[in-house]
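For reference, the structure discussed in these notes is given below.
The numbers here are math on the coordinates, done by the rules we state, and not lab data. Given the structure is predicted, the values throughout are model-derived calculations rather than measurements.
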Amino acid sequence: MTHGIDPDDLRRYGFQWPKYAIIEQRLNSAADPIHLSALKQSLYTDLIYYEQQLQEAYAFKHQIGADYSDFTDRYDEYAERYRQLQQAVR
């Protein structure tokens, strides 16, 4: 059985919790116990996904010589989500 840490304990230890919106989106409730290892794994999984999407878009751009806006309107969204995930993981 995995035991979570109480959000209030995290705050008492001096952490701003949840600090980032992307972390808050993953929590069931602000008062529920937090399973940091599971949360971190979830963030890493998404980080890898967005990194792959950005790499594929970059490779495609170079293959056809097009501007990003010519083939995807998601590139900016992926880049922003990737930045948010990096920040949250740190």
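From Cα pairs below 8 angstrom and at least 6 apart in sequence, can you work out the relative contact order of the chain, rounded to a whole percent? Answer for the chain is 32 percent.
Comparing mean-square fluctuations of TYR75, TYR13, TYR49 from a GNM of the chain with C-alpha springs under 10 Å, the top value falls on TYR13. Counting every Cα pair in the chain, what percent are over 22 Å apart? Pairs farther apart than 22 Å: 40 percent. Calculated mean residue ellipticity at 222 nm for the chain: -20000 deg cm²/dmol, from DSSP H runs with n ≥ 4 weighted as -39500 (n - 2.57), summed, divided by the residue count and rounded to 500.
For the chain, modelled as a Gaussian network with Cα springs under 10 Å, which listed residue fluctuates most, ILE64, ILE48, ILE34? Comparing ILE64, ILE48, ILE34 in the GNM, the peak value goes to ILE64.
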